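Below is one structure; the comments refer to it alone.
The values are calculated or read from the model by the stated rules, or taken from the named source; none is laboratory data. Remember, predicted model here, so these are calculated numbers, not experimental data. Ideal geometry is used to build each Cβ from the backbone, glycine not excepted, and the neighbour counts take in all protein chains shown.
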Amino acid sequence: MDRRLKRVFVIVLDSMGMGAMADAARFGDEGADTLGHISQTVEHFYIPNLASLGLANLKSLKQVQPQEHPLGLKQKSLSSPLRNMDFRRS
């Protein structure tokens, strides 16, 4: 089904830290996972807007459940955030 979108908002959480990249060892970033560590460490991790967009569908989080039908479209970038994006609703 071809569904055209009237508007697209791209949210880049560049420094959010959702896990180490494949080359993390080259930069001393092994184990980097800011978002995951926050979720595991704090007593309450309440992010309803990001959760409804499907943030926990990209990264497993201790205190945030994945959404069966997220409001946002998801793409975890391995390089440029706009390269090879898939704008189909998943």
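Here are the numbers for the structure shown:
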read-out	value
Residue match in segment 73-90 (condition: out of contact with any Leu (no Cβ under 6 Å at 6 or more places or on another chain), in a loop (DSSP other than H, G, I, E, B), surrounded by fewer than 13 Cβ atoms within 10 Å (Cβ to Cβ) and at pLDDT 75 or above)	no
Sole residue being at pLDDT below 80 and either surrounded by 13 or more Cβ atoms within 10 Å (Cβ to Cβ) or in contact with a helix residue (DSSP H, G or I) (Cβ under 6 Å, 6 or more places away or on another chain) (or both), chosen from 32, 51, 20	20
All positions within segment 39-48 that are in contact with a strand residue (DSSP E or B) (Cβ under 9 Å, 6 or more places away or on another chain) and either aliphatic (A, V, I, L, M) or at pLDDT below 80 (or both)	47
